[in-house]
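First up is the structure itself, then whatever we jot down about it.
The values are calculated or read from the model by the stated rules, or taken from the named source; none is laboratory data. Predicted model only: the values in this text are computed from it and were never measured. In this analysis, Cβ positions are derived from the backbone assuming ideal geometry, glycine residues included, and neighbour counts consider all displayed protein chains.
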Amino acid sequence: MARLQQVLLGSAAAILCYQLILPPVVGLADNGDFPKVLGRFDLWPKVNRIYVFCDTVYEFDHTRHWVSDFYSTEIPLAGAAIGLNSLLSKDGNFDLRAIGAIHGALFLLALWLLAPLLAQASRRMQVSVCVLVLLFYCDVMYVSGLNSFYMDESAYLFLLLSAVFYLRAIRWRRPADAAGLVVSTVLMTAAKTQHTMLAFWIAILLVVNAKLLWPGKTRWPGAIAILPVAVALLMMTKAVPWDYAAGAAYDMTFAQILPHAKNPDRTMADLGLDASYRQYIGKNAYSPGSRMDDPAFKLAFSQRLSMGKLAVFYLRHPPDAWRALIAALNEAGRQRAIGTFDVSAGYPPAAESRAFGWWSDVKRLALYHHGRRFFWTLVAVSGALAALLYRRRGILPPGTASAGYVLIGMTFTELALASLGDCLDVVRHHLIFYTLLDMVLLAVIAVALAPAE
């Protein structure tokens, strides 16, 4: 086991170091969201070229102090990176690689915790899982985001830790692993409001497997299962500004649903909008003339159409929901869509690193602009996992099958949230969906290779 752990960790650490630390540094360009995390630390990029270049040097400017109304577990991770940077910085500026080191350490922790689970597995299982984990999650599509301050990154890392802690908890039934599972799921839920709905699936898993996770305990496991849900509800109501959802609803309505509607006027009426809103079709909340910079207009629009009303619209109009979903998946198949190099590296704007991008390249080749193929690939892979779990239910360890079914549910939930909740930065907003889908594929292979006895 020690040798397996060394090989897995050593390989992953080398790949991460090559991409995140060694020049030219690979990261992920800001889309304008970084100040939501960094403003409270007075930290701003020296060169700010959103989308096209990844700024690697930041400076402290106390005159621009800003505390946003967004809350996320990415904020304390950024604080830890600033603390690390204070020990290493020679000029007083912040080096982006400090957050890469913090994020990378959490990723390597997940792999360190995973390795013992493979100790008793067959050689074929060990090699297959290790190779696939490195191929999938050391891909530049995932690794580049570790050098960034997106809130999705903390959701991604704590999702990985939650999965590993769960597998450890049902295998060895140790209180420390169960506690790690609860802490990780809470931190994942508190990362970003977009992903909070996953907490309800996690709560189901905690309730169904309470006896496995907390053997001998009868009173408080139910209360623990409610904890992620409570955090999710708190995030939904307190972690974002009141008008944040209005922008997402505007984007989906005018930039996604109505441009693809067969009868825009009728669709507008079904959405509760009158003809005066027709002029905004094709615009997003940041487009000139969108009027979303007018507080009175934004308030009036939010009263007409909320995300809840939009969800009801999708349920009542499946064809419109399907067209919006496929339009999002057409773009999501791109896998990578934001610049990964600093302007000083000399690459053209929006240049993407090609190092360790085999897996995302394959998916891009097969799925980019093929939204229907993407969706049916998800259905096929999920169906394969469900069939394997049912067929091998008698020989799989307790808690495995229920986790597989919950994983499928989480994947489809995240697909709906990412594809039907907003239509800007489609690729980046599908990060957790990509993560879960790769987990489903990894689970298919692991269950298929599991011994018959």
Inset, instruction - Please tell me if G357 is assigned by TED's automatic domain parsing to the domain that holds I50 and at pLDDT 95 or above. - result: yes
Legend entry - For P221: the one exception among (1) out of contact with any Ser or Thr (no Cβ under 7 Å at 6 or more places or on another chain); (2) closer than 21 Å to F301 by Cα; (3) not hydrophobic (A, V, I, L, M, F, W, C): (2)
Legend entry - Tally, over the range 84-114, of residues that are over 16 Å from V37 (Cα atoms), part of a loop (DSSP other than H, G, I, E, B) and of a type outside the set (D, E): 4
Inset, instruction - With respect to D55, determine if the residue is in contact with a Phe, Trp or Tyr (Cβ under 8 Å, 6 or more places away or on another chain), in contact (Cβ under 8 Å) with a residue 12 or more places away in the chain and either part of a helix (DSSP H, G or I) or surrounded by 14 or more Cβ atoms within 10 Å (Cβ to Cβ) (or both). - result: no
Legend entry - Residue match in the range 297-307 (condition: in a helix (DSSP H, G or I) and under 30 Å from V182 (Cβ atoms)): yes
Legend entry - A81 being small (G, A, S), outside any loop (DSSP other than H, G, I, E, B) and at negative phi: yes
Inset, instruction - Taking the residues in the range 418-439 that are part of a helix (DSSP H, G or I) and touching a His at 6+ places or on another chain (Cβ under 7 Å) as candidates, determine which candidate is nearest to L325 (Cα to Cα). - result: A418
Inset, instruction - Evaluate the range 370-386: report whether one residue or more is closer than 18 Å to A255 by Cβ, over 19 Å from the mean Cα position of the chain (by Cα), modelled with pLDDT of 95 or more and surrounded by 12 or more Cβ atoms within 10 Å (Cβ to Cβ). - result: yes
Inset, instruction - Report whether or not S360 is under 20 Å from the mean Cα position of the chain (by Cα), over 25 Å from G282 (Cβ atoms) and not basic (K, R). - result: yes
Inset, instruction - Could you grab me the full set of residues in the range 353-391 that are farther than 23 Å from W322 by Cα, in contact (Cβ under 8 Å) with a residue 24 or more places away in the chain and either β-branched (V, I, T) or in contact with a Phe, Trp or Tyr (Cβ under 9 Å, 6 or more places away or on another chain) (or both)? - result: S353, A355, F356, W359, S360, L385, L389
Inset, instruction - Filter the range 184-233 down to the residues that are out of contact with any helix residue (DSSP H, G or I) (no Cβ under 9 Å at 6 or more places or on another chain) and hydrophobic (A, V, I, L, M, F, W, C), then identify the one that is modelled with the lowest pLDDT. - result: W220
Legend entry - Any hit, the range 163-174, residues being of a type outside the set (K, R), within 15 Å of the chain's Cα centre (by Cα) and not in a helix (DSSP H, G or I): no
Inset, instruction - Can you work out which of the residues in the range 89-108 that are in contact with a helix residue (DSSP H, G or I) (Cβ under 7 Å, 6 or more places away or on another chain) and of a type in the set (A, V, I, L, M, F, W, C) is surrounded by the most Cβ atoms within 10 Å (Cβ to Cβ)? - result: I99
